[in-house]
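Bear in mind that the values in this text are calculations on the coordinates, not laboratory data. These numbers come from a predicted model, not from an experiment. Here the Cβ positions follow ideal geometry from the backbone for every residue, glycine too, while neighbour counts run over all protein chains shown.
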Amino acid sequence: MIGVDWGTSSLRAYRLDPQGRVLERRETARGILHVAGGEFPRVLAEVLSDWLEQEHEILVSGMAGSRQGWVEVPYRDCPAGVAELAESLVSVDFMPGRRVRIVPGLSCLDASGVVDVMRGEETQILGVLDHLPAQASVCLPGTHSKWVQLVGGRILGFDTHMTGEVFSVLRQHSLLGRMMTAVPVAEDAFRQGVRRAWEAGGLLHHLFGVRSRGLLGLLSAEESGAYLSGILIGHEVTGRPPLSGPIYLLGNPDLVGLYAWALDEAGVHAQVLPSDAAALGHHRLAQGA
């Protein structure tokens, strides 16, 4: 089969054998933001190219199933697991004689009754179920970080934090960003930012402190970005209910490393999950279907 993780900014494709092992992988920057309406079949055919010479089951997860994607696939309510998602796959025309099936996202209500949604992360989580205990908390760092609660292999609920997007906006479009140099993250400065997030004053006051510390030479241009990242991730971590470990981390290794540092500052053990989660999740959904 072929699994396709089609997100906002990138597309990752995996060719899998019957046991779910990854035989080949491909990645391109043709995320849904870079694909015009009606062009999804053509773009996918170009990416998969020679893989299509054989008959394959093709599953697509992620933002391709969103309102801005190939076709909007309705969200499934939580709690949900393999069975609920597999029965809700939506089949769409791909090329003459070929169809693909698109994975739905999930929705839930937070403690205040406000709706939250995800697309793509649910497939990644299904791919790592074998590495999780019966009851687990999983954090998926990213542009919109997800904190997910699972029991018995089913997603009970989750909450989303726009930490990555806020960092990007501040880094690129604010006075704070003009004082920063893009370099590898300085761990000491990052951890200082995390600890600052636990002090009085609130997020908006803490953010201005990035500028004032830089102006007075207390933060270098190389350290300021790491300090800002630590403040934002620190507020994300401290804004949650009391944490007890382990917290399972799933996603980009660089981001996972930052969250592991932040959790370490909070005295919480972090455990990193395998990186091929999306491919394994596609295989599990295909079996369930």
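Compute the distance from the alpha-carbon center of the range 224-289 to that of the range 41-83, in whole Å.
25
For the range 90-246, rounded, prolate or oblate, judged on the Cα gyration tensor with a ≥ b ≥ c (square roots of eigenvalues), a/c < 1.5 rounded, else prolate if a/b > b/c? Intermediate values should be presented prior to the final figure.
Details: a/c = 2.53, a/b = 1.75, b/c = 1.45.
It is prolate, given that a/c is not under 1.5 and a/b is the larger ratio.
Can you tell me the 0 to 90 degree angle between the C-alpha axis of helix 277-288 and the longest principal axis of the chain, rounded to 10?
In the chain, helix 277-288 runs at an angle near 40 degrees to the longest axis.
Step through the residues of the range 55-63 one at a time and calculate ³J(HN,Hα) from phi using the Karplus curve (6.51 cos²θ - 1.76 cosθ + 1.60, θ = phi - 60°), rounding each to whole Hz and writing x for Gly and Pro.
Per-residue couplings from phi come out as 6, 10, 6, 10, 10, 10, 10, x, 6 Hz.
Once both axes come from the Cα atoms, what is the angle between helix 253-265 and the longest principal axis of the chain, in degrees from 0 to 90, rounded to 10?
Roughly 40 degrees between the two axes.
In what sequence do 187, 55 fall when counting other Cβ within 10 Å, fewest first?
Taking fewest neighbouring Cβ atoms as first place, the list is 55, 187.
Taking the Cα atoms only, what angle lies between the long axis of helix 163-173 and the longest principal axis of the chain, rounded to 10 degrees?
70
With an 8 Å Cα cut-off and a minimum separation of 6 or more residues, compute the relative contact order for the chain in percent.
Details: 560 pairs, mean separation 52.5, N = 289.
Rounded, it is 18 percent for the chain.
Under a 10 Å cutoff between Cα atoms, tell me which one of 119, 178, 196 has the largest fluctuation in the Gaussian network model of the chain.
In the Gaussian network model the winner is 178.
If the rule is a partner Cβ under 4.7 Å, which cysteines in the chain fail it?
Among the cysteines of the chain, those whose Cβ sits 4.7 Å or more from every other are 139.
Step through the residues of the range 10-26 one at a time and calculate ³J(HN,Hα) from phi using the Karplus curve (6.51 cos²θ - 1.76 cosθ + 1.60, θ = phi - 60°), rounding each to whole Hz and writing x for Gly and Pro.
8, 10, 10, 10, 10, 9, 10, 8, x, 8, x, 6, 7, 8, 8, 9, 9
Give me Rg/Rg_expected for the range 226-289, where Rg uses Cα atoms only and Rg_expected = 2.2 N^0.38 Å with N residues.
Values: Rg = 14.5 Å, N = 64, 2.2 N^0.38 = 10.7 Å.
Cα-based Rg divided by the globular estimate yields 1.36.
Could you give each residue of the range 191-203 its phi-based ³J(HN,Hα) in whole Hz, using Karplus coefficients 6.51, -1.76, 1.60 with θ = phi - 60°, and x for Gly or Pro?
Once rounded to whole Hz, the list reads 5, 4, x, 4, 5, 4, 4, 8, 8, 5, x, x, 4.
Among 174, 271, 73, flag the residue with its Cα farthest along the positive direction of the charge dipole of the chain, charges on Cβ as +1 for Lys/Arg and -1 for Asp/Glu.
174
Under the definition of Cα pairs under 8 Å and six or more residues apart, what whole-number percent is the relative contact order of the range 163-238? Mind dumping the intermediate values first?
Working: 103 pairs, mean separation 34.5, N = 76.
Averaging sequence separation for qualifying contacts and normalising by length gives 45 percent for the range 163-238.
Tell me, rounded to the nearest percent, the portion of alpha carbon pairs in the chain spaced more than 31 Å apart. Intermediate results must be reported in sequence, preceding the final value.
Details: 13963 of 41616 pairs.
Cα-Cα pairs of the chain separated by over 31 Å account for 34 percent.
Between rounded, prolate and oblate, where does the range 163-238 land on the alpha carbon gyration tensor, with a ≥ b ≥ c its root eigenvalues, rounded for a/c under 1.5, else prolate if a/b exceeds b/c?
rounded
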